[in-house]
Amino acid sequence: MERYWNAEMECMDRDSLETLQSYRLMRTVRRVYDNVPLYRERMDAAGVKPEDIRSIKDLHKLPFTYKQDLRDTYPYGLFAVPMNQVVRVHASSGTTGKKIVVGYTANDLDMWSECCARALTAAGADNTDFMHVSYGYGLFTGGFGVHGGAEKVGMTVIPVSTGNSKQQINVLKDFGSTFICCTPSYALSLAETMAEMGVTKDDIKLRAGLFGAEPWTEEMRRDIEQKLGIKAMDIYGLTEIMGPGVAFECSEQTGMHINEDHFIPEIIDPDTGEVLPEGAQGELVFTCISKEAFPMLRYRTRDIVTLERGVCSCGRTFVKMKKPAGRSDDMLIIRGVNVFPSQIESVLLSLGNTAPYYQIIVDRVNNNDTFEIQVEISPDMFTDTVGNLEEQTKRIREAVHTTLGIQAKITLVEPKSIPRAEGKSVHVIDRRKLH
Ligand code: DLL
């Protein structure tokens, strides 16, 4: 039987939900207009006053907010409460290496935990479960986000964080973890380590897991389920809106329910900004209607998705989003880390000695992302000694690692070997076939 954390909200009839959304939207718009200069300037420029927003039908009148706005107001310029009410910040990387920073009041953290508790309950968790959290604890929202939800549910939380897979397997075994949260690729990597250690799925008690933070396919789901002997569920979220728990899967597993009492989704044409009709694929835009410290209005997520309305067989009335079909910008997620081609470009350019031609080749081998950067050397370097070329390769490798925090294979290639583009350059070859 389907279980809910908060049946009153999760199964609310549409009319009541829209009334609640309208009320919360009006309140949020008034508050950000009064407290955040950027929203006030944007709304003034668009000729929209808080009193023009009387229901969710007026949402389209509000201007969009973009990732660039978070960079321009770095670090705290979009916060809507005084800093003495902010009890936590999180951050994620952006194109320039400068992070984007978000904040939470105590009420915001409670709401976040509530959203993650809904996700965990939908995945079958309860207070008898042991929750192994292998998302990173730190500025990344993954670890702390699901941790809060698990505590709310009353699970016994084991905050392992990332890394040291062998030790993770020992903890899984010895502490009796029944639930796990990590990226789907890390789940498979753990399965591989388990096999190397001679530990079988019968030696552990895991029964389910909640995976997200990166795109993953149905094939990957089956692989995880089979190798770990568990039920694998999807969870979606992004730093700017809250972190994990913005949307979550139910037993039907045909999309993720968006916590619509807190976040209003819209689908727009990424090129024109026009709101698209029900069922169309486009860019997902979110408006936060209950957050205090960091309520984003019409935030452009860049994720390309389809929304599906109608009552789900699980009984929830919240709209469902299909698994994201890609991003409308050029951000790559490699081993769970956000990577922008422009970051690599600036590393290469800052080191000199190479031509400004490079190609990023990403693939997935044995369920692990591979990441290669082919860099064209300048003609004068072509005649250089092998030792010098090796030295150059090492410098690039180290600089890329310092900037991105992940290792790349660096391959120097001959002058003119990278294809010159006639229109936009193609810097990324992503062979992972995730969609
Ligand atoms: O990845 C938050 C999170 C943590 C979600 C743990 C789920 C679990 P960011 O680092 O800001 O936040 O990255 C957000 O990751 O816009 C999507 O492109 C992608 N993403 C997140 N969840 C999923 C998912 C966290 N389930 C960006 N499926 C988002 C596909 C996902 N893509």
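Within the stretch 216-252, the set of residues being within 14 Å of the ligand (Cβ to nearest atom), touching a residue at least 24 places away in the same chain (Cβ under 8 Å) and surrounded by fewer than 18 Cβ atoms within 10 Å (Cβ to Cβ) comprises Thr217 only. Within the stretch 10-35, the set of residues being among the hydrophobic types (A, V, I, L, M, F, W, C) and more than 16 Å from Ser290 (Cα to Cα) comprises Cys11, Met12.
Residues checked against (1) at pLDDT below 90; (2) of a type outside the set (A, V, I, L, M, F, W, C):
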residue: Arg327; (1), (2): yes, yes
residue: Val339; (1), (2): yes, no
residue: Thr370; (1), (2): no, yes
residue: Ile377; (1), (2): yes, no
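Look at (1) over 26 Å from Gly149 (Cβ atoms); (2) touching a residue at least 60 places away in the same chain (Cβ under 8 Å) and you find that Tyr104 fails only one, number (1).
Table: residues versus (1) over 30 Å from Val102 (Cβ atoms); (2) part of a strand (DSSP E or B).
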residue: Lys166; (1), (2): yes, no
residue: Ser185; (1), (2): no, no
residue: Glu192; (1), (2): yes, no
residue: Val199; (1), (2): yes, no
residue: Gln226; (1), (2): yes, no
residue: Tyr236; (1), (2): no, yes
residue: Ala247; (1), (2): no, yes
residue: Thr272; (1), (2): no, no
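Going through the stretch 110-143 one residue at a time, which ones are out of contact with any Pro (no Cβ under 9 Å at 6 or more places or on another chain), in a helix (DSSP H, G or I) and not basic (Lys, Arg)? Listed by number, the residues that qualify are Asp110, Met111, Ser113, Glu114, Ala117, Leu120, Thr121, Ala122. When Lys173 is tested against (1) at pLDDT 95 or above; (2) within 16 Å of the ligand (Cβ to nearest atom); (3) more than 16 Å from the chain's Cα centre (by Cα), exactly one condition is not met: (2).
Summed over the stretch 86-118, the residues that are β-branched (Val, Ile, Thr), modelled with pLDDT of 95 or more and buried (at least 18 other Cβ atoms within 10 Å of the Cβ) give a count of 4.
Considering the conditions (1) open to solvent by less than 70 Å² (accessible area, probe 1.4 Å); (2) more than 30 Å from Lys152 (Cα to Cα); (3) not assigned by TED's automatic domain parsing to the domain that holds Leu120, Leu25 is excluded by exactly one of them, (2). Scanning the stretch 58-68 for residues that are over 19 Å from Ile289 (Cα atoms) and either surrounded by 16 or more Cβ atoms within 10 Å (Cβ to Cβ) or touching a Leu at 6+ places or on another chain (Cβ under 7 Å) (or both) yields no hits at all. From the set of residues in the stretch 292-317 that are within 16 Å of the ligand (Cβ to nearest atom) and in a loop (DSSP other than H, G, I, E, B), which is farthest from Gly243 (Cα to Cα)? Among those that are within 16 Å of the ligand (Cβ to nearest atom) and in a loop (DSSP other than H, G, I, E, B), it is Arg298. Among all positions in the stretch 275-288, there is no residue which is away from the ligand (no atom under 16 Å from the Cβ), touching a Phe, Trp or Tyr at 6+ places or on another chain (Cβ under 8 Å) and farther than 30 Å from Ile361 by Cβ. Looking at this structure, is Met1 open to solvent by 40 Å² or more (accessible area, probe 1.4 Å), closer than 30 Å to Ser313 by Cα, among the aliphatic types (A, V, I, L, M) and outside the structural domain of Ile241 (by TED's automatic domain parsing)? Here the answer is yes, as Met1 does meet what is asked. Filtered by the rule that a residue be under 29 Å from Asp110 (Cβ atoms) and not in a strand (DSSP E or B), the stretch 274-291 gives Ile289, Ser290, Lys291. Scanning the stretch 346-385 for residues that are within 23 Å of the chain's Cα centre (by Cα) and surrounded by 14 or more Cβ atoms within 10 Å (Cβ to Cβ) returns Ile360, Ile361, Val362, Asp363, Arg364, Asn367, Asn368, Asp369, Thr370, Phe371, Glu372.
One residue is enough: does the stretch 200-212 have a residue meeting the conditions within 16 Å of the ligand (Cβ to nearest atom), among the aromatic types (Phe, Trp, Tyr) and within 19 Å of the chain's Cα centre (by Cα)? Checked the stretch 200-212: at least one residue is within 16 Å of the ligand (Cβ to nearest atom), among the aromatic types (Phe, Trp, Tyr) and within 19 Å of the chain's Cα centre (by Cα). Taking the listed residues Lys201, Lys205, the one that is over 25 Å from Arg118 (Cβ atoms), open to solvent by 10 Å² or more (accessible area, probe 1.4 Å) and among the basic types (Lys, Arg) is Lys201, with no other qualifying. Scanning the stretch 136-153 for residues that are open to solvent by less than 10 Å² (accessible area, probe 1.4 Å) and of a type outside the set (Gly, Ala, Ser) yields Thr141, Val146. Evaluate the stretch 50-65: report whether one residue or more is closer than 30 Å to Asp329 by Cβ and in contact with a Ser or Thr (Cβ under 6 Å, 6 or more places away or on another chain). Yes, the stretch 50-65 contains at least one residue that is closer than 30 Å to Asp329 by Cβ and in contact with a Ser or Thr (Cβ under 6 Å, 6 or more places away or on another chain).
The values are calculated or read from the model by the stated rules, or taken from the named source; none is laboratory data. Note that the coordinates shown come from a computational prediction; the quantities given were computed from them, not determined experimentally. Using ideal geometry, Cβ is built from the backbone for each residue, glycine included, and neighbour counts are taken over all protein chains shown. Areas reflect the complete protein model, heavy atoms only, side chains present, ligands, DNA and RNA absent. Shrake-Rupley method; radii C 1.70, N 1.55, O 1.52, S 1.80 Å.
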